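Notes follow once the structure below has been shown.
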Amino acid sequence: MAKNRKVIITCAVTGAIHTPSMSPYLPVTPEEIIDAAVGAAEAGAALVHVHARNPVTGQPDQSPEAFEPFLKVIKQRSNCVINITTGGAPTMLVEERLKPCAHFKPEVASLNMGSMNFGLYPMLNRFKEFKHDWERPYLEGSNDRVFKNTFKDIENILTTCAENGTRFEIECYDIGHLYTLAHFVDRGLVKPPFFVQSVFGLLGGIGPHPEDVAHMKRTADRLFGDDYHWSVLGAGRHQLPIAAMAVAMGGNLRVGLEDSLWLGPGQLAKSNADQVRAARKIIEGLGLEIATPDDAREQLQLKGADKVAF
């Protein structure tokens with residue numbers, strides 16, 4: 001581990017996994033997303049990863065019009081790197097998921113490295129009552145739903161966003177996704193430094209065991225050497241334990257209410273900033289520093305906030 005390295009905290013503030021009935025603290029409206037993103041940045045997140053939602057029902061919404069009300073305001077109120085999803089929700093077509101990034105030309109966009117089962121239905125064991133009609137079918141239907149990102153889809157996203165100077169938070173939910181990334185590197189469609197976000201504990205992807213974390217890191221090291229920056233996110237209760245493992249192994253981390261609603265056993269996180277502060281304690285407890293947004297821009301070789309279209 002480099003003595004003076006700075007750890008990048010990404011905060012994914014709302015996502016498309018959890019539904020509004022699961023937590024009163026899940027940001028839904030543009031104002032709530034703004035406050036969540038700015039609060040996370042003030043707590044120490046260098047990057048904020050954003051999705052949009054219908055402000056009345058909380059349903060995921062990938063239209064550029066849904067992103068418009070909060071992107072500019074977050075940029076005005078914070079120097080953080082704004083990372084726009086191309087994942088959207090598993091119910092969406094790739095053409096729909098790509099629209100906000102193509103339109104707004106962010107510094108960073110997320111990109112899932114493959115098609116996969118995306119099992120949310122076990123959450124029905126914990127959550128029984130729902131405020132909105134869409135929530136239960138959305139969760140139940142995930143037992144027969146595939147998140148689709150074919151080689152053609154990935155190439156389309158890479159080429160569309162690359163023309164805008166957008167780099168990628170490359171989300172790898174399993175070992176095969178690392179090899180898919182290596183394939184696109186070999187084709188020259190992804191250029192270093194890569195920002196690899198390894199995802200653990202989501203049903204359909206790799207598990208949350210320490211051996212899984214170590215295996216993902218070993219494989220990425222072998223494939224990409226010094227050409228990548230490694231980050232991790234743990235789903236649900238695995239969020240902070242996996243973050244701690246990764247930081248100790250030389251990596252970066254992602255937290256946020258997209259990935260986990262919790263701060264501790266049975267304790268809902270009251271804000272994204274709460275989770276960022278918890279992650280920051282881990283980093284600083286190991287004698288390391290957090291990266292500022294400009295540190296992250298330098299490490300990831302980003303184009304800068306002055307070159308986005310919002």
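Observations
- For GLU171, distant residues with modelled amide H under 5 Å away: LEU111, ASN112, MET113, GLN197
- Distance between the C-alpha centres of the stretch 178-237 and the stretch 17-64: 25 Å, rounded to the whole angstrom.
- Mean Cα-pair separation over length for the chain, i.e. relative contact order, pairs under 8 Å, 6 or more apart, %: 25 percent
- By the Cα gyration tensor, the stretch 154-202 has an equivalent ellipsoid whose semi-axes, rounded to whole angstrom, run 19, 12, 9 from largest to smallest.
- Projecting the Cα atoms of VAL108, PHE130, ASN143 onto the charge dipole of the stretch 95-155, computed from C-beta unit charges around the Cα centre, puts PHE130 farthest toward the positive end.
- Between the residues GLN197, SER63, CYS161, the greatest Cα displacement towards the positive end of the dipole of the stretch 6-307, with unit charges on the Cβ of Lys, Arg, Asp and Glu, is found for GLN197.
- In straight-distance terms, cross-link reach from LYS281 covers every one of the lysines whose alpha-carbon lies under 20 Å from its own, apart from those fewer than eight places away in the same chain; here that gives LYS3, LYS6, LYS270.
- By definition, a body whose alpha carbon gyration tensor gives a ≥ b ≥ c is oblate when a/c is 1.5 or more and a/b is not larger than b/c, and the stretch 249-310 fits this oblate description.
- Gyration tensor (alpha-carbon) shape descriptor, the stretch 193-303, a/c threshold 1.5: oblate
- When only alpha carbons are used to place a centre, the stretch 124-166 and the stretch 272-290 end up 29 Å from one another.
- Across the chain, the volume of the C-alpha convex hull divided among the residues equals 113 Å³ per residue.
- Phi to ³J(HN,Hα) by Karplus 6.51 cos²θ - 1.76 cosθ + 1.60 over the stretch 58-70, Hz, x for Gly, Pro: x, 5, x, 9, 9, 6, x, 4, 6, 7, 3, x, 10
- For a straight C-alpha distance cut-off of 28 angstrom, the lysines reachable from LYS152 (same-chain residues fewer than eight places away being disregarded) are LYS99, LYS105, LYS191, LYS217, LYS303, LYS307.
- Dipole magnitude of the chain about its Cα centre (Cβ charges: Lys, Arg +1; Asp, Glu -1), debye to nearest 20: 400 debye
- Between ALA43, ALA235, ALA248, the GNM of the chain built on Cα springs shorter than 10 angstrom shows ALA248 fluctuating the most.
- With the simple spin-label model, which puts each label point 7 Å out from Cα in the Cβ direction, the ALA214 to ASP295 separation comes to 2.8 nm.
Only the coordinates and a few stated rules stand behind these numbers; no lab work does. It should be emphasised that the depicted structure is a prediction, and the values quoted were computed from it without experimental measurement. Because the Cβ atoms are built from the backbone with ideal geometry, glycine has one as well, and the counts that use them run over all protein chains shown.
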